[in-house]
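S.K.: Before I ask anything, here is the structure I am working with.
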Amino acid sequence: IASYYMEDMRHESRERTMVLLFDAKCRLLEKVMMSVGSATAALVSPREIFLAALDKSAIQIVLMHNHPSGDPYPSAEDDAVTKRGALLGIPLVDHIIIGDRTYYSYRECKRIQ
């Protein structure tokens with residue numbers, strides 16, 4: 001997933017957060033832009049993520065955002081969003097941060113089960 005969206009997101013000058021909504025067979029239902037922020041932050045509302053997932057009858061979600069700095073390593077805020085996302089009642093299967101020609105996946109780093 002990350003490599004597919006990496007080229008689109010790595011050149012952005014502002015942080016953009018999207019949620020990918022999947023059905024029970026892991027088919028992408030929709031990609032929803034949740035937030036466009038500044039060069040260093042983009043606020044994300046767990047409520048809005050939950051409503052988008054319910055609206056499309058999503059069974060699981062993936063959060064994805066870019067770091068305009070190019071460094072994909074998660075911030076404390078990224079960790080907090082991931083923890084809140086896990087409480088939504090719809091499985092958060094990954095949180096991917098896009099950097100410059102690289103990405104960070106919470107799932108690949110075993111920080112999400």
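The values are calculated or read from the model by the stated rules, or taken from the named source; none is laboratory data. From a predicted model like this one, the values you see are computed outputs, not experimental measurements. No Cβ is skipped: glycine too gets one built from the backbone with ideal geometry, and neighbour counts run over all protein chains shown. For accessibility, only protein heavy atoms count, side chains too; no ligands or nucleic acids. Shrake-Rupley method; radii C 1.70, N 1.55, O 1.52, S 1.80 Å.
S.K.: Please identify, among 29, 20, 92, the residue showing maximal mean-square fluctuation in a Gaussian network model of the chain using a 10 angstrom Cα cutoff.
M.R.: Maximum fluctuation in the GNM of the chain, among the listed residues, is at 29.
S.K.: Would you mind telling me which residue in 58, 80, 42 has the biggest mean-square fluctuation in a Gaussian network model of the chain, where springs connect alpha carbons within a distance under 10 angstrom?
M.R.: 80
S.K.: By how many degrees, 0 to 90 and rounded to 10, does the Cα axis of helix 46-55 deviate from the longest principal axis of the chain?
M.R.: Rounded to the nearest ten degrees, it is 50.
S.K.: Also: Taking the DSSP beta bridges in the chain as the whole, what percent of them are antiparallel, to the nearest 5?
M.R.: 75
S.K.: When Lys and Arg each count +1 and Asp and Glu each count -1, what net charge do the other residues less than 12 Å away from residue 59, Cβ to Cβ, add up to?
M.R.: +2
S.K.: Here is a follow-up. In degrees from 0 to 90, rounded to the nearest 10, what is the angle of the helix 76-85 Cα long axis to the longest principal axis of the chain?
M.R.: Rounded to the nearest ten degrees, it is 10.
S.K.: Do the sum for the chain: with -39,500 (n - 2.57) for every DSSP H run of n ≥ 4, divided by all residues, what is the mean residue ellipticity at 222 nm, to the nearest 500 deg cm²/dmol?
M.R.: It lands at -7000 deg cm²/dmol.
S.K.: Please calculate the 1.4 Å probe accessible area of residue 15, with all protein chains present, and give it to the nearest 10 Å².
M.R.: Approximately 20 Å² for this residue.
S.K.: What is the set of long-range amide H partners of residue 94 at a cut-off below 5 Å, with H atoms built 1.01 Å from backbone N?
M.R.: Those qualifying (amide H under 5 Å, at least 5 residues apart or on another chain) are 63.
S.K.: At a Cα cut-off below 23 Å, give the lysines reachable from residue 31, other chains included and same-chain residues fewer than 8 away excluded.
M.R.: By straight Cα distance, residue 31 reaches 56, 83.
S.K.: Out of every Cα pair in the chain, what percent are spaced more than 25 Å from each other?
M.R.: 12
S.K.: Sticking with this structure for a sec: So how far apart, in nm, are the two label points at residue 12 and residue 56 if each is 7 Å from Cα heading toward Cβ?
M.R.: If labels sit at residue 12 and residue 56, their model points lie 1.5 nm apart.
S.K.: Based on Cα coordinates alone, diagonalise the gyration tensor for segment 67-109, multiply each eigenvalue by 5, take square roots, and list the semi-axes in whole Å, largest first.
M.R.: So the three semi-axes of segment 67-109 are 20, 11, 7 Å.
S.K.: Show the residues, 5+ positions off or on another chain, whose built amide H is closer than 5 Å to the amide H of residue 60.
M.R.: When sequence neighbours closer than 5 places are left aside, the close amide H contacts are 22.
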